[in-house]
Amino acid sequence: MPRLRTALIATAILVLAAAGDACGQETEKISGGGGLNLAIYEAGNPAGPSIVFLHGFTGSHLSWERQFSGPLADEFRLIAIDLRGHGASDKPLEPENYTNSVLWAEDLVAVIRAKNLEQPVLVGWSYGGKMICDYLRVFGEEAISGLVFVGAVPKAGTEEAKAFLGSELLEVFGGVLAADVQTSIASTRVFLRLLTAQPMSRDEFEFALSSAMMVPPEVRLALYSREFDNDDVLASISVPTLVVQGTADRMVRLSAAEHIVQTVPGAMLHAYEDIGHAPHLEDPERFNSDLAEFVRYALRDPSQ
């Protein structure tokens with residue numbers, strides 16, 4: 001079984017590398033929290049306002065391919081990260097590399113500093129929303145201009161947090177976290193089919209599965225061993241905030257998005273009808289337009 005997992009990871013690395021080259025992304029490695037090496041990717045207009053994209057659980061920077069290859073690249077500077085434990089970033093197996101919110105916050109600070117980003121907008125999908133909260137808790141919001149939460153849940157490890165999750169996700173998630181390769185693969189395939197309201201194409205599913213199988217079981221388990229509640233962080237936000245949620249999301253309930261909007265002062269909710277957990281993949285034209293409009297709004301001069 002270890003050989004099978006190694007073969008899967010090797011195949012996934014080749015798939016992701018080829019896809020990154022096809023998108024014309026510039027790739028580099030930087031040192032994040034605790035010295036962990038992070039893979040970051042840049043595309044778009046180098047002179048434009050900056051948007052930093054944070055993918056979800058078992059994803060990679062390729063989650064944002066339809067943003068990097070779309071019209072956003074004409075106007076904005078686009079930065080994506082392979083989160084620690086994912087993609088081409090380091091994957092230490094010790095749980096303390098994933099349970100410390102300071103390390104996640106330092107990862108994001110390292111990206112902002114390495115790329116000399118001025119007042120970027122942060123976009124966090126699913127688990128990426130947790131990373132945004134980690135950053136805000138440690139470093140505050142002074143260095144950013146706006147926030148976008150996409151299918152995000154701001155708390156974990158409690159019954160309240162569990163209530164924000166879909167029943168189909170809860171049924172399969174134990175298998176997703178399993179160390180047994182066959183169980184992990186079978187459950188991950190079911191998990192990934194919950195991402196979208198309509199079935200993904202074969203190529204889309206293969207990319208998603210390749211990304212997912214690059215995340216070792218020890219990392220998966222550590223990612224979901226944290227217990228936290230970010231309501232205090234959300235309530236302190238003063239920068240413009242947009243929440244995007246699919247009404248047909250089978251992973252995260254609409255109530256999670258409504259909770260964020262109710263907790264963040266002045267937050268706006270865009271509910272996408274008949275869209276699942278991945279609005280940026282399922283309706284990229286609308287998502288890209290909404291994001292562009294929001295970034296312009298976040299960067300406006302309030303005095304004018």
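Each reported figure results from applying straightforward, stated rules to the coordinates on display, with no laboratory input. Nothing here was measured: the structure is a model prediction, and the numbers come from that model. Cβ coordinates were reconstructed from backbone atoms using ideal geometry, including for glycine residues, and neighbour counts include every protein chain displayed.
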Quiz item: So which trypsin sites (Lys or Arg not before Pro) in region 200-304 are both in a DSSP loop and have at most 12 other Cβ atoms within 10 Å of their Cβ?
Solution: 300
Quiz item: For region 140-208, taking Cα atoms only, what is the radius of gyration to one decimal and the Dmax to the nearest whole Å?
Solution: 15.6, 46
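What percent do you get for the relative contact order of the chain when only Cα pairs under 8 Å and 6+ apart count?
Relative contact order of the chain: 20 percent.
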Practice problem: Mind checking region 195-236 for GluC sites (Glu not before Pro) that DSSP puts in a loop (not H, G, I, E or B) and that have at most 13 other Cβ atoms within 10 Å? | Solution: 227
Self-check item: Histogram of C-alpha separations across the chain, 10 Å bin width, %
Solution: 6, 30, 39, 21, 3, 0, 0
Quiz prompt | 5 angstrom amide H check on residue 269, placed H, neighbours 5+ away | solution = 243
Practice problem: Quick one: order 86, 61 by neighbouring beta-carbon count within 10 Å, fewest to most. | Solution: 86, 61
Quiz item: For region 38-52, in order, what is each residue's ³J(HN,Hα) by Karplus, 6.51 cos²θ - 1.76 cosθ + 1.60 with θ = phi - 60°, in whole Hz (x at glycine and Pro)?
Solution: 10, 8, 10, 9, 10, 8, x, 8, x, 9, x, x, 9, 10, 10
Exercise. Determine, for each peptide in 102-111, 254-263, the mean count of other beta carbons within 10 angstrom over its residues, then list the peptides with the highest first.
Key: 102-111, 254-263
Exercise. Using only Cα atoms, locate the centre of region 74-125 and the centre of region 26-64, then give the distance between them in Å, rounded to an integer.
Key: 6 Å
Quiz item: Under a Cβ-Cβ cut-off of 12 Å, what is the net charge of the residues other than residue 100 that fall near it, where Lys and Arg count +1 and Asp and Glu count -1?
Solution: -2
Quiz item: Under a plain spin-label model, where a point goes 7 Å from the Cα along Cα-to-Cβ, how far apart in nm are residue 113 and residue 227?
Solution: 3.3 nm
Quiz item: Do you know the relative contact order of region 46-167, to the nearest whole percent, from alpha carbon pairs under 8 angstrom that are 6+ apart?
Solution: 27 percent
